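The structure under discussion appears below in the form of structure tokens.
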């Protein structure tokens with residue numbers, strides 16, 4: 001049986017041009033799709049699209065059918081797959097028998113079909129993968145990536161909107177960089193470096209996942225060596241004593257348009273240093289010894305940012321807030337929603353502080369419900385700023401930064417001038433430091449009582465607190 005493989009391009013195709021292929025030609029921008037055949041390596045050609053994607057292929061004659069066939073070799077990449085890489089691949093293929101060569105490309109055709117998926121299709125497949133329930137360390141079945149909704153939003157709002165119709169293998173570094181620049185410039189709403197950074201993170205995870213063995217939707221991620229984004233400046237908003245006093249007493253006003261439990265939740269964040277998502281889901285079963293000497297609130301790991309259980313001591317002021325929020329013995333959630341005995345939406349506190357606006361009609365953009373900050377005449381701030389304010393009060397009282405970090409559920413990597421290995425806290429030291437945390441939170445509560453002008457349930461010696469710190 002004759003197994004000779006011929007590699008001359010078909011005459012009609014040759015009119016596209018026969019040249020000595022170079023990397024520079026592959027990077028050339030074109031106004032319409034072109035194919036260039038390589039004089040040095042007959043059968044090798046590159047197809048360049050208007051999007052700037054150059055794809056190498058190999059044309060040969062199938063000995064079984066006598067027909068011309070094309071085998072896909074790969075997408076040009078100046079770092080990983082150049083013209084010389086493509087030539088070497090073709091030279092190796094020419095050394096194979098005709099049957100083996102045809103069989104090789106039959107396998108590659110199946111892989112190429114995977115690479116024919118659009119970005120939008122891969123995004124939806126990735127989202128399904130992220131939200132698939134899996135067993136977590138605490139034994140519960142929850143989504144594989146519990147923050148999948150945020151990631152899905154970034155993928156759909158930005159990536160799918162810009163390159164969703166493109167084949168995933170055709171997306172280039174230029175596409176991602178241009179999209180990133182447009183987000184920063186405000187072409188997707190409010191200019192935001194943070195949104196650009198989140199888009200890049202979500203896109204990078206998507207393409208790395210798409211390139212994994214078994215999927216092979218792309219050969220490499222286009223999210224590498226992108227231009228650096230401008231640094232984001234951390235928020236430094238801390239409420240002054242006057243602002244704390246106005247805020248605290250203002251939340252007790254009956255004429256505010258926001259639910260009472262939402263207002264109590266804002267007070268609770270200032271008193272406990274917990275994150276909004278951690279405290280809003282507070283369940284009666286998570287509270288211990290409220291009427292005893294050591295009251296505490298156990299936050300389950302599924303609501304904690306670092307996915308670890310938080311045991312937070314409760315000061316007398318925190319206990320008062322909890323008892324004020326629990327209207328009946330049958331109420332399960334401390335900060336129950338106005339819609340029923342269920343947890344509030346995780347954004348309710350932030351919305352209450354800033355207010356809401358009309359989203360359609362002639363009044364679009366106008367205030368719908370004024371926020372608490374505006375109603376009380378305070379400069380705007382977020383729930384997270386309440387955590388920072390409480391931590392600042394603790395620092396001003398003289399408490400150790402390591403103790404304050406424990407109250408904030410931050411990893412402690414420094415004790416005084418001594419660097420503590422991260423692994424120590426992650427693997428070996430599982431102490432919850434309840435004594436130190438209770439001292440800090442009791443101190444903050446006593447300071448808040450002084451500021452707002454309320455006497456403590458039990459007198460607290462400020463000098464004694466400072467000595468404890």
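What follows is calculated from the coordinates using simple rules that are stated; it is not laboratory data. Computed from a predicted model, the values in this text were never measured in an experiment. Every residue, glycine as well, gets a Cβ built from its backbone with ideal geometry; the counts of neighbours run over all protein chains shown.
In terms of packing, defined here as the mean over residues of other Cβ atoms within 10 angstrom, the peptides 212-221, 442-451 line up highest first as 442-451, 212-221. Taking 0.36 nm per residue of sequence separation and removing the Cα-Cα distance, the residue 146/residue 306 pair yields an extension gain of 56.4 nm.
Each peptide in 137-149, 36-48 was scored by the mean count of other Cβ atoms within 10 Å over its residues; highest first, the order is 36-48, 137-149.
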